[in-house]
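Before any comments, here is the structure.
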Amino acid sequence: MNSTKLRLASAAATVAAVVCGVLVAAGLDPYGVPFALTVVCGLSATYTASELLMRLVERLGTVTYACRVEDCTFKAELKAGSAVDHRRWQEAAAAHPAHVLRRP
Ligand SMILES: [Zn+2]
């Protein structure tokens, strides 16, 4: 995913988080919840939704290169970078000198 799409996805995630917070606050209104508590719940819902959605957006923009040797734990995650960076880590994952094997 290129940086423009990532920015758009981040903006959409922010808007969705704010909408989520407003919906939670509006859902509490008919129950006579004090205004301050309603605001706190709305902000909390906004923050939680924002964290979740931003992690999802970050995951969408991350490319993982992992070693294909069985039980080797080597992997590289690139969140940004040029084509040269991606190629370099792709080659490193394919042929790195020391395989880090999982212990039983
Ligand atoms: Zn390996």
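In this entry, residue 49 passes the filter for residues that are more than 16 Å from the ligand (Cβ to nearest atom) and touching a residue at least 24 places away in the same chain (Cβ under 8 Å). Residue count for the range 29-68, restricted to those that are over 30 Å from residue 6 (Cα atoms) and surrounded by fewer than 17 Cβ atoms within 10 Å (Cβ to Cβ): 9. With respect to the conditions (1) within 16 Å of the ligand (Cβ to nearest atom); (2) of a type outside the set (A, V, I, L, M, F, W, C); (3) open to solvent by less than 60 Å² (accessible area, probe 1.4 Å); (4) part of a helix (DSSP H, G or I), residue 96 falls short on a single one, namely (4). Screening residue 71 with (1) free of Cβ contacts under 8 Å to residues at least 24 places away in the same chain; (2) open to solvent by less than 80 Å² (accessible area, probe 1.4 Å); (3) over 17 Å from residue 19 (Cα atoms); (4) over 13 Å from the mean Cα position of the chain (by Cα) gives one miss only, at (1).
Summed over the range 52-69, the residues that are within 16 Å of the ligand (Cβ to nearest atom) and in contact with a strand residue (DSSP E or B) (Cβ under 9 Å, 6 or more places away or on another chain) give a count of 5.
The values are calculated or read from the model by the stated rules, or taken from the named source; none is laboratory data. Since this is a predicted model, take the numbers as computed values, not measurements. Ideal geometry is used to build each Cβ from the backbone, glycine not excepted, and the neighbour counts take in all protein chains shown. Keep in mind that these areas ignore ligands, DNA and RNA; they rest on the heavy atoms of the full protein, side chains included. Shrake-Rupley method; radii C 1.70, N 1.55, O 1.52, S 1.80 Å.
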